[in-house]
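Engineer: Okay, handing you the structure first.
The values are calculated or read from the model by the stated rules, or taken from the named source; none is laboratory data. On a predicted model such as this, the values are computed, not experimentally measured, just so you know. Backbone-built Cβ (ideal geometry, glycine too); neighbour counts: all protein chains shown.
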Amino acid sequence: MYAQLIKTARSGIKSRDEMSKQERAFQDKIDADIKIEPRDWMPDDYRATLIRQIGQHAHSEVVGQLPEGNWITRAPTLERKAILLAKVQDEAGHGLYLYAAAETLGESRDELVRLLHEGRMKYSSIFNYPTLNWADIGAVGWLVDGAAIVNQVALQRTSYGPYSRAMVRICKEESFHARQGYHAIMKMAFGTEAQKAMAQDALNRLWFPAMMMFGPHDSESTHSEQSMAWKIKVKSNDELRQQFVDQTIPQIEYLGLDLPDPGIKWNETRGHYDFSDPDWDEFIDVIRGNGPCNVDRMKDRVNAWEDGTWVRDGLLAHARKRARAAAE
Amino acid sequence: MKNEWPLWEVFIRGQHGLSHRHVGSLHAPDAEMAIKNARDVYTRRNEGVSIWVVEARHISATAPGDKGPLFEPSESKVYRHPTFFDIPEDVGHM
């Protein structure tokens with residue numbers, strides 16, 4: 001998802017016998033669905049895993065602005081432009097809520113940003129794919145934000161209070177994102193033949209990258225177990241992916257578009273759609289930095305940060321000067 | 001000196017006359033910018049009609065460990081609630 005392949009800070013899961021008294025009390029709270037709050041005692045590994053997951057989630061929101069920001073000046077109408085601008089602004093806000101949640105764990109936002117810019121933290125693989133035309137912008141809202149909602153709705157029940165509250169706020173805004181995207185795609189799918197072909201092409205290209213957002217299969221996801229026990233993760237990768245497929249197929253059918261994967265078939269016994277795996281080698285390759293846009297995304301992020309340094313420093317110098325003058 | 005902007009906590013009063021409520025945090029160089037940023041981030045969908053900001057380091061809070069001594073005593077004082085008192089229906093609404 002927006003946080004994929006999060007390495008839990010410890011390997012394997014601790015049994016109750018191995019736990020100290022403090023750890024047992026902590027696990028009891030988690031099991032009773034009592035939220036953990038910033039100054040409560042927590043195991044170091046819980047804190048470290050959360051910082052990693054929330055940090056990656058925050059980075060994804062911020063980097064996620066880049067593929068869409070690319071189309072603000074070229075939106076087909078003034079209304080679409082205003083909508084897209086509002087959505088991209090929301091993403092900046094989502095990044096802020098999440099960085100703020102991470103900061104309650106004792107990691108500063110500037111430090112997290114530094115780790116991202118040094119390549120020591122990741123963001124979701126999905127944002128390393130290009131947005132080639134206007135149909136892609138519709139498809140991103142519909143599929144990428146749609147996938148994000150599936151994950152984030154589950155995360156509203158995560159055990160860490162500030163993370164959970166950030167998710168509640170984000171989910172409220174995210175549904176606007178998915179709906180505006182689907183609305184844009186509807187216009188194209190019901191438009192001219194050429195527009196419909198563009199909508200189909202965008203769906204075909206973004207389908208598998210969207211599937212990858214949920215991360216590897218549960219069987220391959222070695223770090224999930226402890227995160228689930230701590231309720232940092234609430235649902236498994238495969239559960240969330242299935243939920244996304246099941247809710248999206250009828251939306252594709254309504255548009256009259258062809259299914260993007262020949263393996264998609266209703267399975268009566270399971271009561272779910274079957275579907276094909278994305279190319280997991282490609283997934284690993286993109287995570288490692290070799291996707292179509294990894295280099296550009298990082299370059300744009302680092303440039304934005306460096307180009308803004310004089311503004312940040314100038315405002316702070318001004319604030320300090322005024323505070324000094326007021327004190328005298 | 002570290003050039004990280006200080007952290008502010010943001011409180012918003014909604015449309016319907018309720019108290020200001022904590023909605024989140026942000027970084028800003030001073031109070032004026034904190035209010036501007038809070039307006040941009042936290043009131044984008046008619047969430048409020050008034051904003052308070054306070055630098056996070058100025059907030060004092062109870063310690064999590066004091067939860068018991070501070071808040072448990074009120075649990076046993078059921079007589080502080082109106083429902084503790086049975087009033088005959090004949091008396092009418094009270």
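Engineer: Taking only the stretch A:154-204 into account, find how many residues are under 24 Å from residue A:253 (Cα atoms) and assigned to a helix (DSSP H, G or I).
Structural biologist: If we filter the stretch A:154-204 for residues that are under 24 Å from residue A:253 (Cα atoms), which is where we start, we get A:174-204.
Okay, now just the ones that are also assigned to a helix (DSSP H, G or I), so A:174-189, A:193-204.
Summing the residues that are under 24 Å from residue A:253 (Cα atoms) and assigned to a helix (DSSP H, G or I) in the stretch A:154-204 gives 28.
Engineer: Look through the stretch A:118-131, keep the residues that are touching a residue at least 12 places away in the same chain (Cβ under 8 Å) and assigned to a loop (DSSP other than H, G, I, E, B), and return whichever of them is surrounded by the fewest Cβ atoms within 10 Å (Cβ to Cβ).
Structural biologist: In this case the residue turns out to be A:119.
Engineer: Would you call residue A:25 within 14 Å of chain B (Cβ to nearest Cβ), surrounded by fewer than 16 Cβ atoms within 10 Å (Cβ to Cβ) and more than 22 Å from residue B:44 (Cβ to Cβ)?
Structural biologist: Yes: the conditions hold for residue A:25.
Engineer: Examine the stretch A:83-93 for a residue that is in contact (Cβ under 8 Å) with a residue 24 or more places away in the chain, surrounded by fewer than 17 Cβ atoms within 10 Å (Cβ to Cβ) and away from chain B (no Cβ under 12 Å), and state whether such a residue exists.
Structural biologist: no
Engineer: Follow-up question, since we're still on this one. Suppose the filter is within 30 Å of residue B:27 (Cβ to Cβ) and either within 21 Å of the chain's Cα centre (by Cα) or among the aromatic types (Phe, Trp, Tyr) (or both); does residue A:321 pass it? Outline the logic, then answer.
Structural biologist: On the way: within 30 Å of residue B:27 (Cβ to Cβ): yes; either within 21 Å of the chain's Cα centre (by Cα) or among the aromatic types (Phe, Trp, Tyr) (or both): no.
Against the criterion (within 30 Å of residue B:27 (Cβ to Cβ) and either within 21 Å of the chain's Cα centre (by Cα) or among the aromatic types (Phe, Trp, Tyr) (or both)), residue A:321 does not qualify.
Engineer: Quick one: which residue in A:79, A:111 is over 21 Å from residue B:6 (Cα atoms) and either free of Cβ contacts under 8 Å to residues at least 12 places away in the same chain or within 14 Å of chain B (Cβ to nearest Cβ) (or both)?
Structural biologist: Unique residue meeting the criteria: A:79.
Engineer: Here is a further query. Of the numbered conditions (1) over 25 Å from residue A:310 (Cα atoms); (2) within 12 Å of chain A (Cβ to nearest Cβ), residue B:11 satisfies every one except a single condition; which is it?
Structural biologist: (2)
Engineer: For the list (1) within 14 Å of chain A (Cβ to nearest Cβ); (2) under 28 Å from residue A:36 (Cβ atoms); (3) surrounded by 10 or more Cβ atoms within 10 Å (Cβ to Cβ), I need the number of the one condition that residue B:68 fails.
Structural biologist: It fails just one condition, (3).
Engineer: Now a separate question. Only one residue in A:62, A:113 is farther than 22 Å from residue A:164 by Cβ and touching a helix residue (DSSP H, G or I) at 6+ places or on another chain (Cβ under 8 Å), so which one is that?
Structural biologist: Working: A:62 fails: farther than 22 Å from residue A:164 by Cβ.
Going through A:62, A:113 in turn, the sole match is A:113.
Engineer: For the structure I just gave you, tell me whether residue B:45 is modelled with pLDDT under 95 and either in contact with a strand residue (DSSP E or B) (Cβ under 8 Å, 6 or more places away or on another chain) or loosely packed, with under 13 Cβ neighbours inside 10 Å (or both). Can you show your working first?
Structural biologist: Values: modelled with pLDDT under 95: yes; either in contact with a strand residue (DSSP E or B) (Cβ under 8 Å, 6 or more places away or on another chain) or loosely packed, with under 13 Cβ neighbours inside 10 Å (or both): yes.
Yes.
Engineer: State yes or no: is residue B:6 surrounded by 10 or more Cβ atoms within 10 Å (Cβ to Cβ) and either under 22 Å from residue A:164 (Cα atoms) or more than 15 Å from the chain's Cα centre (by Cα) (or both)?
Structural biologist: So residue B:6 fits the description; yes.
Engineer: Residue B:23 - would you say it is outside any strand (DSSP E or B), of a type in the set (Val, Ile, Thr) and within 24 Å of residue A:102 (Cα to Cα)? Talk me through it step by step, then tell me what you get.
Structural biologist: Numbers: outside any strand (DSSP E or B): no; of a type in the set (Val, Ile, Thr): yes; within 24 Å of residue A:102 (Cα to Cα): yes.
So residue B:23 does not fit the description; no.
Engineer: What number of residues within the stretch B:71-87 satisfy the criterion of being of a type outside the set (A, V, I, L, M, F, W, C) and surrounded by 10 or more Cβ atoms within 10 Å (Cβ to Cβ)? Explain how you work it out, then say what you get.
Structural biologist: Of the residues in the stretch B:71-87, the ones of a type outside the set (A, V, I, L, M, F, W, C) are B:72-77, B:79-83, B:86.
Then keep just the ones that are surrounded by 10 or more Cβ atoms within 10 Å (Cβ to Cβ); that gives none.
Qualifying residue count for the region: 0.
Engineer: Would you mind stating whether residue A:163 is among the aromatic types (Phe, Trp, Tyr) and over 18 Å from the mean Cα position of the chain (by Cα)?
Structural biologist: When the stated conditions are applied, residue A:163 does not pass them.
Engineer: Also, I was wondering about something else. What are the residues in the stretch A:34-64 that are away from every other protein chain (no Cβ under 14 Å) and of a type in the set (A, V, I, L, M), if any?
Structural biologist: Those that are away from every other protein chain (no Cβ under 14 Å) and of a type in the set (A, V, I, L, M): A:48, A:50, A:51, A:63.
Engineer: Exactly one condition in (1) in a loop (DSSP other than H, G, I, E, B); (2) away from chain A (no Cβ under 11 Å); (3) of a type in the set (Ser, Thr, Tyr) is false for residue B:74; which is it?
Structural biologist: Condition (1) is where residue B:74 drops out.
Engineer: Give the stretch A:279-307 a look and list any residue that's closer than 14 Å to residue A:114 by Cα and either free of Cβ contacts under 8 Å to residues at least 60 places away in the same chain or surrounded by fewer than 14 Cβ atoms within 10 Å (Cβ to Cβ) (or both), or say none.
Structural biologist: A:299, A:303, A:304, A:306
Engineer: Residue A:226 fails exactly one of the following numbered conditions: (1) out of contact with any Gly (no Cβ under 8 Å at 6 or more places or on another chain); (2) surrounded by 18 or more Cβ atoms within 10 Å (Cβ to Cβ); (3) polar (S, T, N, Q). What is the number of that condition?
Structural biologist: (1)
Engineer: Tally up the residues in the stretch A:68-117 that are part of a helix (DSSP H, G or I), within 23 Å of residue B:43 (Cβ to Cβ) and of a type outside the set (Gly, Ala, Ser), please.
Structural biologist: Going through the stretch A:68-117 one residue at a time, the tally reaches 19.
Engineer: Out of the residues in the stretch B:14-42 that are within 11 Å of another protein chain (Cβ to nearest Cβ) and farther than 21 Å from residue A:315 by Cα, state the one that is surrounded by the fewest Cβ atoms within 10 Å (Cβ to Cβ).
Structural biologist: Going through the qualifying residues, I end up with B:22.
Engineer: Out of all the residues in the stretch A:177-191, which are over 17 Å from residue A:244 (Cα atoms) and within 21 Å of the chain's Cα centre (by Cα)?
Structural biologist: Step one: list which residues in the stretch A:177-191 are over 17 Å from residue A:244 (Cα atoms), which gives A:180, A:183-191.
Scanning the stretch A:177-191 gives a single hit, A:180.
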